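*Asks:* This is the structure, below, for whatever I ask next.
The values are calculated or read from the model by the stated rules, or taken from the named source; none is laboratory data. Note that the structure is predicted; figures quoted are calculated from it, not measured. Cβ placement follows ideal geometry from the backbone for every residue including glycine, while neighbour counts extend to all protein chains displayed. Just so you know, the surface numbers come from the protein's heavy atoms only, side chains and all, with ligands and any DNA or RNA stripped out. Shrake-Rupley method; radii C 1.70, N 1.55, O 1.52, S 1.80 Å.
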Amino acid sequence: MNLSLQHHDSAAFATSLLAVFAVDIATGDDAKPSPALLTTSDTLAKAAAPWLATGEFKASLGETLLLHSPAGAEAQRLLLIGLGRAGSLTIHEVRKAAGVAIRFARSRGLQEVAIAFPEDKALDDEHMDSLPGGLTARAIAEGALIADFDIDFYRADRKDLSIHTATILHLEADKKLEAQMQQGLSEGSIIGQSQNFARSLINEPGNILTPTELARRTTAMCAEAGLVCEVYSTDKILELKMGAFAAVTQGSSEPPALIVLRYEPPSPPPPDAPVLGLVGKGITFDTGGISIKAADNMDKMKYDMAGAAAMIGAMRAIAQLKPAVRVLAVVCSCENMPDGRAFKPGDVLTAMSGKTIEIINTDAEGRLVLADGLFYAKTLGATRLINAATLTGAISTALGHHNAGLFSNDDSATQHFLDALPTSGEKFWRLPCSSDYRDQIKSQIADLMNTAGTRYGGASVAAAFLKEFVGDTPWIHLDIAGTAWIDDSKPWQSKGPSGIALRSIIEWVRSYAK
Ligand code: BES
Ligand code: ZN
Ligand code: ZN
């Protein structure tokens with residue numbers, strides 16, 4: 001998608017479809033909706049007025065009203081898109097609404113659209129807070145790119161519905177603000193493209209995206225983005241004494257991949273500056289192993305590498321955004337398969353840290369590969385750790401599909417992450433991983449068991465297990481099992497891989513460069 005920002009009167013811009021945002025300025029629970037356009041164009045206001053007067057369009061979030069041949073405007077179509085209530089408007093609604101414009105155009109086979117930059121000065125101050133120009137431009141770019149993605153890659157009847165050109169039209173006279181908008185647009189393009197790169201990896205089936213193939217695609221991305229990338233397999237895993245990772249992969253005939261990515265900022269930071277370590281769970285297919293999963297929905301377990309994809313995609317964006325902080329990423333990728341050589345319940349493994357683990361359930365494999373991945377990232381010099389993983393079904397029991405889980409041993413690192421959320425627009429909820437949960441995985445014969453004997457609190461137990469391998473290093477664990485795959489399409493986003501965590505991780509990384 002060719003995305004650009006142009007100083008142009010939107011009514012005078014020739015386009016197949018012009019999207020204009022609208023808010024509902026009514027206040028109070030029972031108030032009648034009162035839609036208002038976020039444009040200062042009198043021509044567009046006049047063209048839309050008779051249709052707004054009918055009351056059929058309420059400007060609720062994602063709602064659309066299409067007008068053909070709007071009077072006085074150059075656009076062939078004028079699409080009004082609701083942002084919801086003015087009083088609670090954030091850039092996240094703008095991100096979604098930009099996505100609605102793109103998906104609306106796609107569904108009609110259009111390849112070119114224009115989006116009128118939301119002008120808060122179209123309304124009186126009392127209705128809404130002003131939208132920051134740079135972040136709004138960024139959100140529009142992200143929303144547009146995220147919307148321009150579908151999952152039907154392997155269908156013979158697939159139609160290429162992608163949007164070739166999206167032009168964001170604005171009337172900002174202040175050059176400084178215009179430069180901020182331009183900067184926002186370019187950051188949003190990098191982030192949106194990186195999120196789609198991660199989503200395309202997650203969407204791949206397990207027979208195609210094997211650990212080796214994940215490593216190959218990551219290597220190719222790194223060559224393009226200018227990142228250092230090292231790929232290792234079984235020999236290195238054994239040499240490093242990663243006994244937990246080795247156990248998970250041993251039942252698979254696909255070789256594992258241990259992938260290390262490094263980003264160095266343009267000017268070297270001082271020696272005591274933080275080094276951020278991003279660690280991803282990259283199980284390219286999780287059958288459960290000998291503790292095999294039920295057949296229903298097992299196909300979904302191709303997305304058990306969504307944590308790895310988030311980290312790889314985040315590194316792609318980091319390479320281009322160039323924050324002044326060192327970042328490394330470790331991805332532990334393998335399959336979890338039942339086989340004559342597979343690891344078994346009752347086995348005792350020795351992790352890279354030296355801790356011994358009694359296996360109770362081979363389906364709790366993610367925490368095993370991460371235990372070694374986190375410890376390894378520390379040995380590579382990481383002083384702050386963050387991992388993302390589709391780790392537990394229990395996180396969906398706790399939070400549903402609306403929030404991803406966040407667990408941490410450090411309030412400061414957590415605060416950096418939570419502060420990033422209004423910008424990323426993603427939702428994470430902190431849950432505990434205190435010693436009570438650790439006590440549930442005490443083993444009689446080893447240092448730890450890999451699962452507790454109960455399903456209750458399963459996400460916190462898994463987090464408490466990981467915590468055993470990070471020591472005193474500040475660490476955040478993101479459990480994205482309930483949010484990495486969306487079952488239903490939204491007007492702004494296809495069903496399938498969401499790319500969750502990537503945007504927040506990028507923002508978290510940037511917060512250490514300030
Ligand atoms: N990959 C799964 C978790 C998962 C579940 C991801 C649903 C996405 C959607 C993980 O490896 C797993 O199987 N966890 C077990 C742990 C249990 C055995 C303690 C689970 O959640 O059931
Ligand atoms: Zn599993
Ligand atoms: Zn898994």
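*Asks:* Give the stretch 298-320 a look and list any residue that's under 21 Å from ALA377 (Cβ atoms) and either within 11 Å of ligand 3 (Cβ to nearest atom) or open to solvent by 10 Å² or more (accessible area, probe 1.4 Å) (or both), or say none. If you could, list the steps in order and put the result at the bottom.
*Replies:* Taking the stretch 298-320 first, the residues under 21 Å from ALA377 (Cβ atoms) are 304-319.
The answer is ASP304, MET305, ALA306, GLY307, ARG316.
*Asks:* Can I ask one more? Which residues, counting only those in the stretch 361-383, are part of a loop (DSSP other than H, G, I, E, B) and either away from ligand 3 (no atom under 11 Å from the Cβ) or open to solvent by 20 Å² or more (accessible area, probe 1.4 Å) (or both)?
*Replies:* Hits for the stretch 361-383 are ASN361, ASP363, LEU380, GLY381, ALA382, THR383.
*Asks:* Filter the stretch 272-286 down to the residues that are of a type outside the set (Asp, Glu), within 16 Å of ligand 3 (Cβ to nearest atom) and buried (at least 24 other Cβ atoms within 10 Å of the Cβ) and list them by number. Give the steps one after another, and end with the answer.
*Replies:* Filtering the stretch 272-286 for residues of a type outside the set (Asp, Glu) gives 273-285.
Filter once more, keeping what is within 16 Å of ligand 3 (Cβ to nearest atom): 279-285.
Those that are of a type outside the set (Asp, Glu), within 16 Å of ligand 3 (Cβ to nearest atom) and buried (at least 24 other Cβ atoms within 10 Å of the Cβ): VAL279, GLY280, LYS281, GLY282, ILE283, THR284.
*Asks:* Okay, next question. What pairs can you find where one residue is in the stretch 293-313 and within 8 Å of ligand 1 (Cβ to nearest atom) and modelled with pLDDT of 95 or more, the other is polar (S, T, N, Q) and assigned to a helix (DSSP H, G or I), and their Cβ atoms are less than 9 Å apart, with a gap of 6+ or different chains?
*Replies:* TYR303/ASN203
*Asks:* Condition first: β-branched (Val, Ile, Thr), farther than 28 Å from MET352 by Cα and at pLDDT 95 or above. Can you find one or more residues in the stretch 445-464 that meet it? Lay out the reasoning, then the answer.
*Replies:* Of the residues in the stretch 445-464, the ones β-branched (Val, Ile, Thr) are 445, 451, 454, 461.
Pick out the ones that are also farther than 28 Å from MET352 by Cα and you get none.
No.
*Asks:* For the stretch 369-391, indicate whether the set of residues that are within 15 Å of ligand 1 (Cβ to nearest atom) and of a type in the set (S, T, N, Q) is non-empty. Before the answer, list the steps.
*Replies:* In the first step, residues of the stretch 369-391 are kept if they are within 15 Å of ligand 1 (Cβ to nearest atom); the result is 369-371, 373, 387-391.
Among the residues that remain, those that are also of a type in the set (S, T, N, Q) are: 387, 390.
Yes, the conditions are met somewhere in the stretch 369-391.
Each row is one residue, and each column tells you yes or no for (1) of a type in the set (Phe, Trp, Tyr); (2) over 17 Å from the mean Cα position of the chain (by Cα); (3) open to solvent by less than 30 Å² (accessible area, probe 1.4 Å); (4) more than 16 Å from ligand 2 (Cβ to nearest atom).
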| site | (1), (2), (3), (4) |
| --- | --- |
| ALA452 | no, yes, yes, no |
| TYR456 | yes, yes, no, yes |
| GLU468 | no, yes, no, yes |
| GLY471 | no, yes, no, yes |
| TRP492 | yes, no, no, yes |
| ARG503 | no, no, yes, yes |
| ARG510 | no, no, no, yes |
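*Asks:* Of all residues in the stretch 478-490, count the ones that are under 28 Å from ASP439 (Cα atoms), within 16 Å of ligand 2 (Cβ to nearest atom) and not in a loop (DSSP other than H, G, I, E, B).
*Replies:* 1
*Asks:* In the stretch 84-96, what residues are over 11 Å from THR136 (Cβ atoms) and touching a strand residue (DSSP E or B) at 6+ places or on another chain (Cβ under 6 Å)? Step through it out loud before you land on a result.
*Replies:* To start, the set of residues in the stretch 84-96 that are over 11 Å from THR136 (Cβ atoms) comprises 84-88, 96.
Selection gives ARG85, ALA86.
*Asks:* For the list (1) at pLDDT below 95; (2) open to solvent by 60 Å² or more (accessible area, probe 1.4 Å); (3) out of contact with any helix residue (DSSP H, G or I) (no Cβ under 9 Å at 6 or more places or on another chain), I need the number of the one condition that ASP152 fails.
*Replies:* With respect to (1) at pLDDT below 95; (2) open to solvent by 60 Å² or more (accessible area, probe 1.4 Å); (3) out of contact with any helix residue (DSSP H, G or I) (no Cβ under 9 Å at 6 or more places or on another chain), ASP152 is out only on (2).
*Asks:* Considering only the stretch 187-289, give the helices (runs of 4 or more DSSP H) lying wholly within it that have at least 2 residues that are within 16 Å of ligand 2 (Cβ to nearest atom). Show your work before the answer.
*Replies:* Values: elements: 211-225, 234-239, 243-249.
Passing ranges, in order: 243-249.
*Asks:* Next question, about the same structure. In the stretch 111-139, how many residues are within 20 Å of SER189 (Cβ to Cβ) and either of a type in the set (A, V, I, L, M, F, W, C) or not in a loop (DSSP other than H, G, I, E, B) (or both)? Before the answer, list the steps.
*Replies:* Keep residues of the stretch 111-139 that are within 20 Å of SER189 (Cβ to Cβ), which gives 111-118, 131-139.
Imposing the further condition that a residue be either of a type in the set (A, V, I, L, M, F, W, C) or not in a loop (DSSP other than H, G, I, E, B) (or both) reduces the set to 112-117, 131, 133-139.
The total comes to 14.
*Asks:* Ok, one more. Filtering the stretch 384-396 down to residues that are open to solvent by less than 20 Å² (accessible area, probe 1.4 Å) and among the polar types (S, T, N, Q), which residue is farthest from ARG455 (Cα to Cα)?
*Replies:* ASN387
*Asks:* Anything in the stretch 324-351 that is away from ligand 2 (no atom under 15 Å from the Cβ) and either under 29 Å from the mean Cα position of the chain (by Cα) or open to solvent by less than 10 Å² (accessible area, probe 1.4 Å) (or both)? List them, or say none.
*Replies:* Those that are away from ligand 2 (no atom under 15 Å from the Cβ) and either under 29 Å from the mean Cα position of the chain (by Cα) or open to solvent by less than 10 Å² (accessible area, probe 1.4 Å) (or both): ALA324, VAL325, ARG326, VAL327, LEU328, ALA329, VAL330, VAL331, ALA351.
*Asks:* Tell me whether the stretch 169-192 contains one or more residues that are of a type in the set (Val, Ile, Thr), under 30 Å from PRO255 (Cα atoms) and out of contact with any Asp or Glu (no Cβ under 6 Å at 6 or more places or on another chain).
*Replies:* Step one: list which residues in the stretch 169-192 are of a type in the set (Val, Ile, Thr), which gives 190-191.
Retained after the next criterion (residues that are under 30 Å from PRO255 (Cα atoms)): none.
No: zero hits.
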